[in-house]
Amino acid sequence: MKKKKIIVIGSGFGGLAAAIRLAAKGHQVEIFEKRDKPGGRAYVYEINGFKFDGGPTVITAPFMFDNLFATAGKRREDYITFVPCDPFYRIFNHEGRSFDYNSDEAFTLSQIEQWNPADKVGYQKFIRSTKAIFQKGFVELADKPFLSVMDMVKVAPDLIKLQSYLSVYQYAAKFVKDEFLRSCFSFHPLLVGGNPFDSPSIYALIHYLEREWGVHYALGGTGAIIDGMSRLFAELGGQIHLNQGVQEILVDGSGNRVKGIELADGTVHYADTIISNADVGFTYRYLIPEKYRRKYTNRKIERMKYSMSLFVIYFGTKRRYTDTGLAHHNIILGPRYKELLDDIFHKKILADDFSLYLHMPTITDPSIAPEGHEAFYVLSPVPHLGADIDWKKTAKPYRDAIMQFLEDNYLPDLQANIVAEHYIDPLHFQGTLSSYLGSAFSVQPTLTQSAWFRPHNRSEDFDNLYFVGAGTHPGAGLPGVLSSAKIAETLLNGAE
Ligand SMILES: Cc1cc2nc3c(=O)[nH]c(=O)nc-3n(C[C@H](O)[C@H](O)[C@H](O)COP(=O)(O)OP(=O)(O)OC[C@H]3O[C@@H](n4cnc5c(N)ncnc54)[C@H](O)[C@@H]3O)c2cc1C
């Protein structure tokens, strides 16, 4: 096979994984990243001796990293150490009562017993039935390119048989009757930017995937995975150019192929192939002049639905909070579930109440904070920038409300103990991460925006432009973006 010069735009998990795979095949690969560190959403904030992972914290399907390192003839264990988390999550209802689950069915059933014993049988049926969804949606389809409509036609009967027309919530509700337990077994689409009430039931596979391979943490934080991948890429001869934002993808005279990139400072770099790991909506809309785009016109991009955004506060305290009943991964549900999601996804208003994910990694790994200190991040899903919310004015009061809530209910004397803090809002996702509408997970995972309907991994407009990352097939989350890199490699190796 002819060795190619390949440019990857962006160093998120998808970009790094694609770059590693192609460098391992002997291609000459360079990554251009606009930020000062690799990782994208997995950027690490280092403040006053704390290391805060900016984004992904829940590592599922760790074997995908093993496979990635194996493609380069290396052992993942020599770069990254994973440790299992137990419980996977501690989920609190609005009154502070908690529910834990993990992959041990007997344990999870004992927890269900405390909420609604009648749901134990339903949960067992739910798990058995999600196995078929997992087999089809993850094992068979997640790393296959959906380039032709026939690919979709072929799987349509299976999707109907698996009741993909139901939402994840409707699907879970068929088996489990208690409203709180329904939230516990249907929130998973939120992890990839979907509304449990609008995401097809195929996304119920995420819960199964957690059970199959567990929920893991990388020692040193998710940033340690990025470090390991960056090191591997360098060993393969790859180069990452930091602080080098791409401002245009250059189209050749034919109009069907791309030929290089122009950086913000005007420098031009040519390549045989370009892979964009930048947000797909943003790449088409802002990096390629509209006159060259036949399918992804500005109108098409504006009409697509985008995932919610997030408000995230990273904070470190000068005392430990290990005696407060919190786990490594906590979900604190507010009093409203469907209504809050309606506010975020449909009405696009910022509600007074919130549901939070509270990350407390120092419970597993004290090394990421100074001794005797605790590191946290708290995340609240909020509408993307299609909403009429002025974050320049709203961010601080919103931050204050969340911190007061945590202080009153979970972390006594919190604000007096904070010694490091940083927060991000939808403007960060739009400005710093260049995501269309400041969405945190790119294109929303709905039935009509999944598989073939999602932006393809090989551009529908340019033959030698590829996409990896959250906005393309199969979707957001680390298993999804790692799969997109594998698909891009397969497609690229099959081309010319
Ligand atoms: C707060 C948060 C928590 C999450 N938690 C989890 C979790 O626990 N588990 C999980 O599996 N997933 C989680 N996710 C989702 C997961 O992090 C993402 O889906 C995934 O990391 C996205 O990877 P990506 O390959 O799409 O690249 P991104 O991380 O989106 O990176 C894209 C890169 O492209 C760069 N870029 C953009 N434009 C340009 C340009 N013009 N020139 C050069 N570079 C450019 C950006 O700077 C960025 O570095 C979370 C996401 C967020 C935001």
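Values in this text are rule-based calculations from the coordinates and carry no lab data. Remember, predicted model here, so these are calculated numbers, not experimental data.
The table for this structure:
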quantity: Restraint check, K34/K300; K5/K486; K131/K161; K338/K393; K161/K305, Cα-Cα greater than 20 Å; calculated: K34/K300; K338/K393; K161/K305
quantity: Euclidean distance of C-alpha centroids, segment 128-161 and segment 313-380, integer Å; calculated: 34 Å
quantity: Rg(Cα) / (2.2 N^0.38 Å) computed for segment 21-84, rounded to two decimals; calculated: 1.35
quantity: At 0.890 mPa s and 25 °C, Stokes diffusion of segment 120-190 via Kirkwood alpha-carbon radius, µm² per second; calculated: 184 µm²/s
quantity: Additional length obtainable on full extension of the chain from E248 to A118, 0.36 nm per residue less Cα span; calculated: 41.0 nm
quantity: Fraction in percent of alpha-carbon pairs per bin - 10 Å, segment 1-121; calculated: 11, 26, 28, 19, 13, 4, 0
quantity: Two-decimal log10 I(q)/I(0) for segment 422-476, as the Debye equation yields it once each C-alpha is a single scatterer, q = 0.17, 0.22 Å⁻¹; calculated: -0.59, -0.85
quantity: Cα-based Kirkwood hydrodynamic radius, segment 177-277, one decimal, Å; calculated: 18.2 Å
quantity: Kirkwood-based Rg to Rh ratio, the chain, C-alpha trace; calculated: 0.95
quantity: Amide proton proximity set for Y89, modelled H, under 5 Å, gap of 5+; calculated: Y101
quantity: Stretch gain in nm, segment F107-N493, where the contour uses 0.36 nm per residue and the Cα spacing is subtracted; calculated: 134.4 nm
quantity: Gain on full stretching of the segment that runs from Q239 to V153 - 0.36 nm per residue minus C-alpha separation; calculated: 26.9 nm
quantity: Considering only the chain, percent of DSSP beta bridges that pair antiparallel, nearest 5; calculated: 70 percent
quantity: Phi to ³J(HN,Hα) by Karplus 6.51 cos²θ - 1.76 cosθ + 1.60 over segment 55-63, Hz, x for Gly, Pro; calculated: x, x, 10, 9, 9, 10, 6, x, 4
quantity: MRE, 222 nm, helices only [DSSP H, n ≥ 4, -39500 (n - 2.57), over the chain, to nearest 500]; calculated: -9500 deg cm²/dmol
quantity: Rounded tilt (10° steps) of 391-409 against the dominant C-alpha axis of the chain; calculated: 40 degrees
quantity: Set of lysines with alpha-carbon distance to K37 below 16 Å, sequence-local pairs under 8 removed; calculated: K51
quantity: Cα-based helix-to-principal-axis angle, 13-24 vs the chain, degrees rounded to 10; calculated: 40 degrees
quantity: HN-Hα J in Hz across segment 263-268 - Karplus 6.51, -1.76, 1.60, θ = phi - 60°, x for Gly and Pro; calculated: 7, 4, 8, x, 5, 10
quantity: Cα convex hull of segment 340-496, projected area averaged across orientations, nm²; calculated: 12.4 nm²
quantity: Segment 107-160, Cα convex hull volume normalised per residue, Å³; calculated: 96 Å³
quantity: Rg ratio (alpha-carbon, reference 2.2 N^0.38 Å) - segment 363-456; calculated: 1.40
quantity: Nearest 10 degrees, 0 to 90: helix 149-161 Cα axis against the chain principal axis; calculated: 20 degrees
quantity: Rg and Dmax of segment 260-304, Cα atoms only, in Å; calculated: 11.7, 33
quantity: In Hz, Karplus ³J(HN,Hα) per residue of segment 286-303 (6.51, -1.76, 1.60; θ = phi - 60°; x = Gly, Pro); calculated: 10, 9, 10, x, 4, 4, 8, 9, 8, 7, 8, 6, 4, 4, 4, 5, 5, 7
quantity: Cross-link reach list, aspartates and glutamates versus K392, counting only Cα pairs under 18 Å and skipping chain neighbours closer than eight places; calculated: D352, D400, E421, D425
